[in-house]
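Single-structure report; data block below.
The values are calculated or read from the model by the stated rules, or taken from the named source; none is laboratory data. If you're wondering where the values come from, they're calculated on a predicted model, not measured in any experiment. Heads up, the Cβs are rebuilt from the backbone with ideal geometry, glycines too, and the neighbour counts pull from every protein chain shown. Accessible surface is based on the protein model in full, side chains and every heavy atom, while ligands, DNA and RNA are left aside. Shrake-Rupley method; radii C 1.70, N 1.55, O 1.52, S 1.80 Å.
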Amino acid sequence: MIRLEAVRVRFGTVTALALDELEVHDAERLGVQGDNGSGKSTLLRVLAGLLAPTEGRVTGLPRPGRAVLVHQRPYLLAGTAADNVRYALRIHRRPSTEAKGWLDRLGAGHLADRTARDLSGVERRRVAIARALAARPALLLLDEPFAALDAAGGTALREVLAAFDGTLVIAAPDLEPAPVTRQVTLEGAL
């Protein structure tokens, strides 16, 4: 279980996140809802171990490499969509032949041979989520994964996330399509 207590994240004089208490249980599917600027993305970075809080305490984070954060505008490596997924498979000592299967699960198999720089924002996000899932993380953190997805893409993503057996945290202003079992709402931290 991950526990956050009296967590504050400040950038200069701006408070980006103010959270009195939050528990994320193992294998939970947590939705984090809030308006723009409420601290959703900042919270995901804290949970990923990428950002230490200015104040407060965080305990129970997975060991390094076991938490994966997919940003709303994810970074992809140079090369093809399949190369990006193969990278995660190689790091985690899994067969690189699984790459196309991960892309297929997300309805992105047709993108396998396209270069990352030629993908649209939604396509990049699908590839990044396939890469994240291929790593089989204990904690998967997704920042607005359903934004701008068409119906088929949304259905494929929901099915893949329903089969994910780790802890899942999804942040979005609207959690309607997300397969979450519990929701928390962040209020503006300013």
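Sparse packing (at most 11 other Cβ atoms within 10 Å of the Cβ) combined with a DSSP loop state is found for the following trypsin sites (Lys or Arg not before Pro) in region 77-179: R93. Using R0 = 22 Å, the C-beta based FRET efficiency linking H25 and R94 works out to 0.25. In the chain, taking the dipole from charged Cβ atoms about the Cα centre, the farthest positive-side position among Y75, T115, G31 is held by T115. Centre-to-centre, using Cα atoms only, region 80-125 and region 144-190 are separated by 21 Å. Summarising the amide proton neighbourhood of L17: residues at separation of 5 or more, or on other chains, whose placed amide H is nearer than 5 Å comprise V9.
Accessible area per residue was computed with a 1.4 Å probe on protein heavy atoms; E98 scores about 50 Å². At a probe radius of 1.4 angstrom, the accessible area of the chain per residue rounds to 49 square angstrom. For the chain, the longest principal axis of the alpha carbon atoms and the long axis of helix 151-163 meet at an angle near 70°. For the chain, the 222 nm mean residue ellipticity estimated from helices alone, with every DSSP H stretch of n ≥ 4 adding -39500 (n - 2.57) and the total spread over all residues, rounds to -8500 deg cm²/dmol. Relative to the Cα centre, the charge distribution of region 1-157, modelled as +1 at Lys and Arg Cβ and -1 at Asp and Glu Cβ, gives a dipole magnitude of about 640 debye.
Angle of helix 81-91 to the longest C-alpha principal axis of the chain, folded into 0 to 90 degrees and rounded to 10: 70°.
Split the accessible area of region 1-62 by element, probe 1.4 Å, and carbon with sulfur accounts for 46%. With all protein chains in place and a 1.4 Å probe, the accessible surface of region 119-190 carries 50 percent carbon and sulfur.
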